[in-house]
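Participant: Handing you this structure, nothing more for now.
Every read-out reported here was derived from the displayed coordinates using simple, explicitly stated rules and does not represent laboratory data. The shown structure was predicted, so the numbers you read here are calculated from the model rather than taken from an experiment. No Cβ is skipped: glycine too gets one built from the backbone with ideal geometry, and neighbour counts run over all protein chains shown.
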Amino acid sequence: MSIESIVDFSAVSTEPERYRPAAEKVLKGDPEQTLYNHYNSPCGQMSAGVWEGAAGQWKVSYTEHEYCEIVQGVSVLRDEDGNAKTLRSGDRFVIPAGFTGTWEVLEPCRKIYVVFEQKA
């Protein structure tokens, strides 16, 4: 494999995917989201890119493991018991598969993500 196979996020031009969570998951606001998925592994288990979210709150249920780095904005991640973690620019963390709760964007948010979907 050559150096040309390296995926440089600053150099790729990925078409944005714009979407909203399913209506039954939205708790407040109109959380429009944009995904720039810059990489998918050949096995289909890993992907990486940039995510942007508008203000709002929605239910989440992770089947994948996700590494995140917040590069802009403020969000709050809450578990099913109501425990909260505020996420700001510079924060780096992993959300393990099986996590359920809510994601709330307080200020327009941008994150770098790496997702690993474990096969059953």
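Participant: Using the per-residue mean of other Cβ atoms lying within 10 Å as a proxy for protection, in what order, highest first, do the peptides 4-17, 72-85 fall?
Facilitator: Output ranking for 4-17, 72-85: 72-85, 4-17.
Participant: Normalised by the residues of the chain, what does the relative contact order come to in percent, with Cα pairs under 8 Å and at least six apart? Could you put the intermediate results ahead of the total?
Facilitator: Numbers: 290 pairs, mean separation 32.8, N = 120.
The value is 27 percent.
Participant: Among residues other than Thr102 whose Cβ falls under 11 Å from its Cβ, what is the net charge (Lys/Arg +1, Asp/Glu -1)?
Facilitator: Value of the local net charge: +1.
Participant: Determine the shape class of the chain: with a ≥ b ≥ c the square roots of the Cα gyration tensor eigenvalues, call it rounded for a/c under 1.5, and otherwise prolate if a/b is greater than b/c, oblate otherwise.
Facilitator: prolate
Participant: Residues with amide H under 5 Å of Glu32's amide H, sequence separation 5 or more or different chain, H placed in the peptide plane at 1.01 Å from N; which?
Facilitator: Residues meeting the criterion, in which the H sits 1.01 Å from N, are Ala54.
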